[in-house]
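This report concerns only the one structure given below.
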Amino acid sequence: MVEPNTCFRGCCSSERIRLHFPPSSYSLISTIARGSESTVFEARLQGRKVVAKKPILSTSENLDKFHRELQLLCKLDHPGLAKLVAAHARPPNYMFFFEFYEMGSLAHKLHVEEWSPTVDEALVIAYDLAKALQYMHELGVVHRDVKPGNILLDSKFRTHLADFGLSSYMKDLKHVSLENWKSSGKPTGGFHKKNMVGTLIYMAPEILRKDIHTEKSDVYSFSISINELLTGVVPYTDLRAEAQAHTVLEMSYTEQQLTAAVVSGLRPVLVQSKPRLPTSLVALIQRCWDSNPVFRPSFYEITKELDEIMKDVIKTGVEKPSEVLSSSLRSQYQNGLNSLPGFQEELNWFDQGELTSKKAHDGNKIMKLWPSSLHEPLQYQPTLSWGSFAACGRREKMEDTHFLLPQMCNEKDIHVFGIFDGHRGAAAAEFSARALPGFLKRSGYNSSPSKALCEAFVNTDIAFRKELTSHCNSKRVTKKDWHPGCTALTALIVRNKLFVANAGDCRAILCRSGHPFPMSKEHLASCNEERNRVMSEGMEVTWMVDTWRVGAAALQVTRSIGDDDLKPAVTAVPEIIETFLSAIDEFLVMASDGLWDVMSNEEVIAIIRDTVKEPTMCSKRLVTEAIERGSLDNITAIVVFLQPVSTAERVY
Ligand SMILES: Nc1ncnc2c1ncn2[C@@H]1O[C@H](COP(=O)(O)OP(=O)(O)OP(=O)(O)O)[C@@H](O)[C@H]1O
Ligand SMILES: [Mn+2]
Ligand SMILES: [Mn+2]
């Protein structure tokens, strides 16, 4: 008797795909992955190596879901989707057999193997994935679980979107609240299996707000995944490797915090420095993760745009295996590089600064930094918590750096924080962030805090310019007019006293009695006093384009570290403002000018009031907001709470 090719219930049928087999025709060989709702095996089906996905069927609802998924899988047929080769849909065994994709998931490739694709490889993957999703959407189906863990790669690096456990016809979707979403089909998988926070990172803000999932929500997840592919970094962690990223993600955010942050506009750090990265691709990613689904392009538009981008990047069309694209691009890229001036012999300026710092303070363990006097009356004790966030923003390169050094030299009530905003390259900023703390310690053993800060700025400047000169001489560097510099802002807290040293146009404010209390003043050529000082040092200041600028370099700031072509007029000597802290002081905000360009002191304070009382979250919020307001610069923010923050306030 020939059995019909249907499932046990008769609701699933197919002409292409066999839906039942005699038990002897398949065997499970080994476990590949154990999901929350299924186990994935390497299997053999009639001699062919396949993947068997065996759902956990503990309730009748699970069974209904299996049949719905099978009905859908019988309809789907696209090269960009994981191919169902067969199924077994009769008791006691229910399972899907898929084509085996030997390279595994994109998540594994990126975060276990730490694979770093070239831009053209990433473009091919993005294009394949977009095509597959366009196909699904045209059928009226949303995937609802687009993420690197569900993107499988074959030996030719072509993409196959898998895991249709959450896929659904749009017409069947009702409002799914977060609660019943969690208990029904929740996106899981990869290394995020155990924790919710991880699975949230691909979910569009409207889903987090408990709205309905539309095709534009898939567009959002697509862009988060493609940005992850280009950066290699797990969203919201700054880390590549799976194990560490996992811990950091869990430590940095609770579920509510991340939900609140994404809804209020937080996004992963946008890809920035990658050879040949087309700006149009970066812009496309940003449009795809717009907070408003209406502004996100459809996959029809995305594939068209990707097609254009690829044509620009390579003049040879798209339907080629990626290896071919890679090699042709690689040779183009190398030709391009060779015609560039000799910029390759880069020093690592962070390391250079670190070394200088070590030499400077030489591990003095006997002397104490600024010991408190026995005669001092009982002092107010601020309770500190601190955090920072930095983003490249719309700039091509990141030239901001910063450091957080709480409890300097193991002194429980001495803390230092610094921001450096580089110009004409990042060298000075990178060097200073590592070198300045060492100079501060050295001076701290025999100078007052403000004198030590001043010496630290000046010594960092001298050391940097010395390193630069010897580097240029030793390597016969061809960069003739290379005079990198940076502005610098450093806050030092010694028990109940705050000292802020500033050279340039970063800014620090205190929130005192609820109002901004300036702790620094900007040093710009547009400011009379500074302009006169620079001119009295014999340096020309001229009105150019839109503002006053110093020297041939046309610098807008009048104090900085580095800039050896403008020394001594553009001095590294900081201005220092000091104040006693008391119960009226809530928090300190320090930021590079990229933030202050688009936000007033009052607005900064209002935003922090309106955010979870967690300093890293506050810093992120400030930076994200500044980018959204159109800041064109790099942005770094440090937030230091000066009072204990109640746990109730910490939760959004
Ligand atoms: N066809 C396949 N070829 C190779 N590996 C596969 C295949 N299908 C699944 N895998 C591997 O198994 C993992 C889990 O697969 P899948 O996402 O389909 O299962 P799941 O139970 O829905 O998991 P979760 O929902 O927890 O992500 C994938 O991340 C991938 O590493
Ligand atoms: Mn799944
Ligand atoms: Mn999965």
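The values are calculated or read from the model by the stated rules, or taken from the named source; none is laboratory data. Worth saying up front: this structure is predicted, and the values here are computed from it rather than measured. Using ideal geometry, Cβ is built from the backbone for each residue, glycine included, and neighbour counts are taken over all protein chains shown.
Quick look at the values:
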item	result
Selection from region 499-539 of residues that are of a type in the set (A, V, I, L, M) and over 21 Å from P382 (Cβ atoms)	A503, L524, A525, V534, M535, M539
Extreme residue, modelled with the lowest pLDDT, among residues of region 531-563 that are out of contact with any Leu (no Cβ under 7 Å at 6 or more places or on another chain) and among the charged types (D, E, K, R)	D546
Top-ranked residue of region 45-61 - restricted to ones that are surrounded by fewer than 16 Cβ atoms within 10 Å (Cβ to Cβ) and in contact with a Phe, Trp or Tyr (Cβ under 9 Å, 6 or more places away or on another chain), ranked as nearest to F8 (Cα to Cα)	Q46
The one condition in (1) surrounded by fewer than 22 Cβ atoms within 10 Å (Cβ to Cβ); (2) touching a residue at least 60 places away in the same chain (Cβ under 8 Å); (3) not in a helix (DSSP H, G or I) that R442 fails to fulfil	(3)
Residues of region 504-530 satisfying the condition of being in contact with a Phe, Trp or Tyr (Cβ under 6 Å, 6 or more places away or on another chain) and within 18 Å of K567 (Cβ to Cβ)	A525
Test: L129 is more than 9 Å from ligand 1 (Cβ to nearest atom), under 17 Å from P235 (Cβ atoms) and either touching a Pro at 6+ places or on another chain (Cβ under 9 Å) or among the aliphatic types (A, V, I, L, M) (or both)	yes
Any chance K147 is in contact with a Gly (Cβ under 9 Å, 6 or more places away or on another chain), under 28 Å from D211 (Cα atoms), charged (D, E, K, R) and free of Cβ contacts under 8 Å to residues at least 60 places away in the same chain	no
Filtered residues of region 22-36 (kept if within 48 Å of the chain's Cα centre (by Cα) and either in a loop (DSSP other than H, G, I, E, B) or closer than 20 Å to L76 by Cα (or both))	G35, S36
Unique residue being more than 28 Å from E308 (Cβ to Cβ) and not aliphatic (A, V, I, L, M) when the list is R267, R287, R209, R276	R209
Answer from R144, R158, R90 - the residue that is more than 21 Å from C288 (Cβ to Cβ), out of contact with any strand residue (DSSP E or B) (no Cβ under 6 Å at 6 or more places or on another chain) and at pLDDT 90 or above	R158
Residues located in region 74-91, provided they are among the aliphatic types (A, V, I, L, M) and over 17 Å from S167 (Cα atoms)	V85, A86, A87, A89
Selection count, region 221-234, where residues are outside any helix (DSSP H, G or I) and surrounded by fewer than 24 Cβ atoms within 10 Å (Cβ to Cβ)	2
Residues of region 514-563 that turn out to be touching a His at 6+ places or on another chain (Cβ under 6 Å) and polar (S, T, N, Q), as a count	1
Every residue from region 34-64 that is within 16 Å of ligand 2 (Cβ to nearest atom) and at pLDDT 90 or above	T39, V40, F41, V51, A52, K53, K54, P55
From the options A463, A503, A456, residue that is among the small types (G, A, S), under 29 Å from the mean Cα position of the chain (by Cα) and over 18 Å from S372 (Cα atoms)	A503
Helices (runs of 4 or more DSSP H) completely within region 261-362 that count 1 or more residues being at pLDDT 75 or above, aromatic (F, W, Y) and within 30 Å of N473 (Cβ to Cβ)	349-361
Subset of region 45-80 [within 10 Å of Y94 (Cα to Cα), within 14 Å of ligand 1 (Cβ to nearest atom) and without any contact (Cβ under 8 Å) to a residue 40 or more places away in the chain]	I56, L57, F66
Of all residues in region 482-541 being in contact with a Pro (Cβ under 9 Å, 6 or more places away or on another chain) and basic (K, R), the one that is farthest from V573 (Cα to Cα)	R495
Matching residues, region 389-407, being assigned to a loop (DSSP other than H, G, I, E, B), in contact with a His (Cβ under 9 Å, 6 or more places away or on another chain) and within 15 Å of T624 (Cα to Cα)	none
